[in-house]
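One structure is given here, and the rest of the page talks about it.
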């Protein structure tokens, strides 16, 4: 579940926050793109977004294109509707200025909100060198953990270390995790609920954004 409220943008939006830009009204630009807050000019009430990208390709958004911007921190998503003011060069970098909003829709997100996803990874019982690895497949994921299927038998309370690539810039390398639940055995193997431990702030923020973008895509398909 998510709780939504209207909050003062000047008290919540900060330089450096990761962002996504969603465009639906211009067919040739329709999609969801990665970006971030490059700068904010509070005097002129302008927010500068880095040139958005999709699969490593930069997508300049022309002046006048309407879009929805989502900004992410560890626990919340801030959303507002806006319009591109074109592409400009600002402090030796190209950015997209948009009017700074008076307020934004703040969504507080619980870590156990999960989205279905099927990606293969591997885990280790120890972080020691040359430790045997075991293959698993995710069933769903959240910013706080995942559900996985594996042929390896584990017990609730076991500590494992996960290698998993979810996106080009979202990867886990020996991420310490804990088995917190065992589900029924299936043809895919043993099914476990896994909790991430000691998750770095930067990685958690990326996971929040990743999960939110997956939800947006799922809603657009329905």
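Each value in this text was obtained by applying a stated rule to the coordinates, not by laboratory testing. Computed from a predicted model, the values in this text were never measured in an experiment.
Available extension along the chain between residue 75 and residue 120 is 13.5 nm, counting 0.36 nm per residue and deducting the alpha carbon span. Compared with the alpha-carbon gap, the fully stretched path from residue 198 to residue 158 is longer by 12.9 nm at 0.36 nm per residue.
Size estimate for region 115-221 follows the Kirkwood approach: the inverse of mean 1/r over distinct Cα pairs works out to 14.2 Å. Note on region 2-109: Cα Rg divided by 2.2 N^0.38 Å, N the number of residues, gives 1.01.
What fraction, in whole percent, of alpha-carbon pairs in the chain exceed 21 Å separation?
Details: 14431 of 24531 pairs.
For the chain, the share of Cα pairs beyond 21 Å comes to 59 percent.
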